[in-house]
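Here is the structure we will look at.
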Amino acid sequence: MGEKTIEKPWYFGNELSGRLSRSAWSLALIALWRKKSTFKSEVTIWIPSFFCNASLAPLRAVGVNFIFYPVSEAMEPDSEECNILAVNSPPDIFLLVHYFGRPNRYNFAVKFAHDSGAWLVEDAAHALIPVDNIGKLGDFILYSPHKHLPIPDGAILVIRPTGPSQLPIGPGSIFDNPLTWPGQLKEVQRRMVDYAKINRFMSLMWITKRGLQKMGIRSQGSKALFAESLGGNSNNIPSTIEPPAQSLLGMRLLAMLSSEIDKIALVRIRNHEIWADFFSSRSELNNKIFNSDRGPKEKWTPYLAAYRGDSIAITKAYYFFQKHGIPVLTWPDLPPEVKSNKNSNTIAWELRHTYIYLPIHQSFNFSKLLLKNIN
């Protein structure tokens with residue numbers, strides 16, 4: 001199957017697209033390109049304060065100036081605060097996140113990026129495919145099929161010539177041939193870890209894990225705590241991470257599954273509705289407090305089933321699901337810069353501690369886990 005056939009669900013004909021193993025590498029590559037285009041030794045990248053620290057590891061290895069901008073209760077950029085921050089630290093790159101698959105509003109971000117001369121990056125890692133305005137207004141789009149499909153790795157990076165920066169993608173541009181993208185990250189890769197010992201085993205580990213899951217064998221592990229401490233977690237680059245290039249196994253599976261996207265979307269939406277029915281039937285979960293993030297008439301495909309309540313109720317629900325063996329999640333592991341400055345990031349801290357997330361992927365066995373474990 002041709003390269004562009006594999007990537008077809010995620011890009012439009014007038015765009016440039018390529019694949020890496022993870023969107024964290026895509027973001028690092030964009031930072032390298034920005035350095036090259038501006039002749040700067042360090043570029044300033046604006047990241048929402050409500051963001052996962054682990055995804056920043058390659059960027060930290062590139063060497064960038066981070067600005068963690070405040071978000072609203074709706075997980076949108078706080079326009080007033082952003083305008084104040086821009087006076088002293090204007091962005092070279094502005095990251096807009098489509099959280100959990102829901103399209104984030106562009107009104108502020110597009111104008112802000114254009115006026116600042118920044119590249120606008122849409123983080124659509126939680127989006128299954130482009131829908132509504134996702135993937136249609138930024139300069140760069142990040143997709144992470146491996147988060148939605150049963151594949152060990154695989155991220156799509158799309159460059160749009162019609163975004164706010166009107167980026168040139170023709171012959172001779174700094175973006176070059178997508179096949180060269182993993183190679184452009186070699187120096188960053190060397191700064192992070194020695195991959196020689198782990199590269200060949202990554203896909204084998206994934207196959208083994210999937211096989212055990214199919215047989216109903218899952219890691220029990222220790223129970224995670226709902227709360228996250230104020231103490232900043234380490235900035236250190238992790239010792240194990242996939243290399244930039246997508247694995248051969250990941251590529252082959254993505255080629256097989258890219259034609260199944262519509263079916264997968266329907267299953268995820270159905271599973272999302274099952275959780276809604278479940279919550280409405282459980283008085284012990286205080287269903288007047290919990291509200292799903294997705295309405296029945298919305299078109300986007302949810303990444304997880306997201307539920308919110310006050311800190312007491314949501315903590316109670318979190319441990320309720322843990323008690324019954326349901327893989328409940330919290331997100332994100334906030335960056336240390338955000339955690340160490342809670343007073344300036346109150347909404348990000350509140351969002352982290354008033355949401356829980358439940359799985360809706362196509363292999364999640366509701367009948368086994370819900371009926372057997374809880375009822």
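Below is a table of values for the structure above.
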| item | result |
| --- | --- |
| Residue pairs meeting the criteria (Cβ under 8 Å; at least 6 apart or on separate chains; first over 14 Å from Leu253 (Cβ atoms) and in contact (Cβ under 8 Å) with a residue 24 or more places away in the chain, in the range 148-168; second in a loop (DSSP other than H, G, I, E, B) and of a type in the set (Val, Ile, Thr)) | Ile159/Ile169; Pro161/Ile169 |
| Failed criterion for Phe100 (all others in (1) touching a strand residue (DSSP E or B) at 6+ places or on another chain (Cβ under 7 Å); (2) aromatic (Phe, Trp, Tyr); (3) surrounded by fewer than 16 Cβ atoms within 10 Å (Cβ to Cβ) hold) | (3) |
| Filter result (among the polar types (S, T, N, Q) and within 17 Å of Leu56 (Cα to Cα)) within the range 140-191 | Ser144, Gln189 |
| Residue within the range 189-202 that is within 27 Å of Tyr357 (Cα to Cα) and at pLDDT below 90 present | yes |
| Yes/no for Ser37 being of a type in the set (Gly, Ala, Ser), more than 27 Å from Asp78 (Cα to Cα) and over 20 Å from the mean Cα position of the chain (by Cα) | yes |
| Residue within the range 58-66 that is charged (D, E, K, R) and in contact (Cβ under 8 Å) with a residue 12 or more places away in the chain present | yes |
| Looking only at the range 1-35, and only at residues there that are of a type in the set (Lys, Arg) and modelled with pLDDT of 95 or more, the one that is surrounded by the most Cβ atoms within 10 Å (Cβ to Cβ) | Arg19 |
| Test: Ile93 is β-branched (Val, Ile, Thr) and crowded, with 23+ Cβ neighbours inside 10 Å | yes |
| Residues that are touching a residue at least 40 places away in the same chain (Cβ under 8 Å), more than 16 Å from Trp46 (Cα to Cα) and not charged (D, E, K, R), drawn from the range 100-141 | Phe100, Gly101, Pro103, Ala125, His126, Ala127, Leu128, Ile129, Pro130, Val131, Ile134, Gly135 |
| One residue from Trp33, Trp25 being in a helix (DSSP H, G or I), within 12 Å of Phe140 (Cβ to Cβ) and not charged (D, E, K, R) | Trp33 |
| Condition check for Leu329: under 30 Å from Asp262 (Cβ atoms), surrounded by fewer than 18 Cβ atoms within 10 Å (Cβ to Cβ) and in contact with a strand residue (DSSP E or B) (Cβ under 8 Å, 6 or more places away or on another chain) | yes |
| Residue list for the range 36-60, filter: part of a helix (DSSP H, G or I), surrounded by fewer than 19 Cβ atoms within 10 Å (Cβ to Cβ) and among the hydrophobic types (A, V, I, L, M, F, W, C) | Ala54 |
| The range 277-320, subset at pLDDT 85 or above and in contact with a strand residue (DSSP E or B) (Cβ under 7 Å, 6 or more places away or on another chain), residue surrounded by the fewest Cβ atoms within 10 Å (Cβ to Cβ) | Arg308 |
| Meets criteria (among the basic types (Lys, Arg), in a loop (DSSP other than H, G, I, E, B), surrounded by fewer than 24 Cβ atoms within 10 Å (Cβ to Cβ) and more than 14 Å from the chain's Cα centre (by Cα)) for Lys111 | no |
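The values are calculated or read from the model by the stated rules, or taken from the named source; none is laboratory data. Computed from a prediction, not measured in an experiment: that's the story for all the values here. FYI the Cβ positions are ideal-geometry reconstructions off the backbone, even for glycines, and counts take in every protein chain you see.
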